[in-house]
Amino acid sequence: MSAAEPILDIKNLSMVFGGLRAIDDVSLHIRSGEICALIGPNGAGKTTIFNCITGVYDPTEGSVSIKRGEAPREEIQGRKPNAINRKGLARTFQNIRLFGNMSVLENVMIGRHNSLKAGIFKAIVRDRPTREEEQRLIDDCHEILKKMRLEMFINESARNLPYGAQRRLEIARALATDPFLLLLDEPVAGMNPNETKELEETINLIREREKVTILLIEHDMSLVMNVSERIYVLDYGRLIAEGTPNDIKSDPEVIRAYLGE
């Protein structure tokens, strides 16, 4: 795959709800190894784009294609979310969606379930290969929790974690699906400055150590400017700017629409 070839390529994407055009002819691309941000005012259409990428919505117009490694490029718009996840895309949500009564380890194991080979019969009889596979699953999830600095909470109920740790747990569960592209929807929403700084470090580590490309939606401009190589800016469903953090900070239309004077 050419270094310049995007692993995610969105072309002329539009999403219409009744008479409302929530996304209007948006094109963007993400290259392997990048951290890119999608910013804009509330209601600009950012999460709608995420929903079109991950199969929650079937876009009205346009295409969403991916390319992982040496596999051929393929269009994924309109596919089911679980099918898209198996292709190597994972996401988090604005509102934390953990299984509160389950342990931290169990939440991450759920993210890993797509990789299990044992069928229902083997799960019932629990033969040796099935037990070995389950142990590898647990070991893998332990390792993910260590990387996310959550190992001290491993047997704790997810609902009892501090807020920042719950956010990291949601990312850990997404990483358990073995993605090549991770979509983070407002990952530091509601965090205090210390938690935000910790998650900023985590985002950089995910890209550097796990070789996972990241696209994030975020309103915290300090985080966006610190971690992003490129930024896309939406306003009323239309793309109004794209560039480096320095480009975006000085773009008159972005300042007018979003950043403020």
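The values are calculated or read from the model by the stated rules, or taken from the named source; none is laboratory data. These numbers were taken from a predicted model, which means no experiment stands behind them. Please note: Cβ atoms are built from the backbone with ideal geometry, for glycine as well, and neighbour counts cover all protein chains shown.
Which of the residues spanning the range 7-20 are at pLDDT 95 or above and either aromatic (F, W, Y) or surrounded by fewer than 21 Cβ atoms within 10 Å (Cβ to Cβ) (or both)?
Scanning the range 7-20 gives D9, K11, N12, S14, V16.
Residue check: is I35 within 16 Å of D185 (Cα to Cα), among the hydrophobic types (A, V, I, L, M, F, W, C) and surrounded by 15 or more Cβ atoms within 10 Å (Cβ to Cβ)? Explain how you work it out, then say what you get.
On the way: within 16 Å of D185 (Cα to Cα): yes; among the hydrophobic types (A, V, I, L, M, F, W, C): yes; surrounded by 15 or more Cβ atoms within 10 Å (Cβ to Cβ): yes.
Yes.
Which one of these does I214 not meet: (1) under 12 Å from T92 (Cβ atoms); (2) in a helix (DSSP H, G or I); (3) not small (G, A, S)?
(2)
Working carefully through the options L13, L28, L38, L8, find the one that is over 28 Å from E200 (Cα atoms), assigned to a strand (DSSP E or B) and under 21 Å from the mean Cα position of the chain (by Cα). Spell out how you get there, then give the answer.
Details: L28 fails: over 28 Å from E200 (Cα atoms); L38 fails: over 28 Å from E200 (Cα atoms); L8 fails: over 28 Å from E200 (Cα atoms).
Of L13, L28, L38, L8, the one residue that is over 28 Å from E200 (Cα atoms), assigned to a strand (DSSP E or B) and under 21 Å from the mean Cα position of the chain (by Cα) is L13.
Select from the range 54-98 the residues that are within 13 Å of the chain's Cα centre (by Cα) and either farther than 24 Å from A189 by Cβ or among the aromatic types (F, W, Y) (or both) and list them in ascending order.
Correct list: G88, F93.
Being buried (at least 23 other Cβ atoms within 10 Å of the Cβ), at negative phi and part of a helix (DSSP H, G or I) is the requirement here; does R173 meet it?
Details: buried (at least 23 other Cβ atoms within 10 Å of the Cβ): yes; at negative phi: yes; part of a helix (DSSP H, G or I): yes.
Against the criterion (buried (at least 23 other Cβ atoms within 10 Å of the Cβ), at negative phi and part of a helix (DSSP H, G or I)), R173 qualifies.
Of the conditions (1) exposed (fewer than 14 other Cβ atoms within 10 Å of the Cβ); (2) of a type outside the set (V, I, T); (3) in a loop (DSSP other than H, G, I, E, B), G55 fails just one. Which one is it?
Condition (1) is where G55 drops out.
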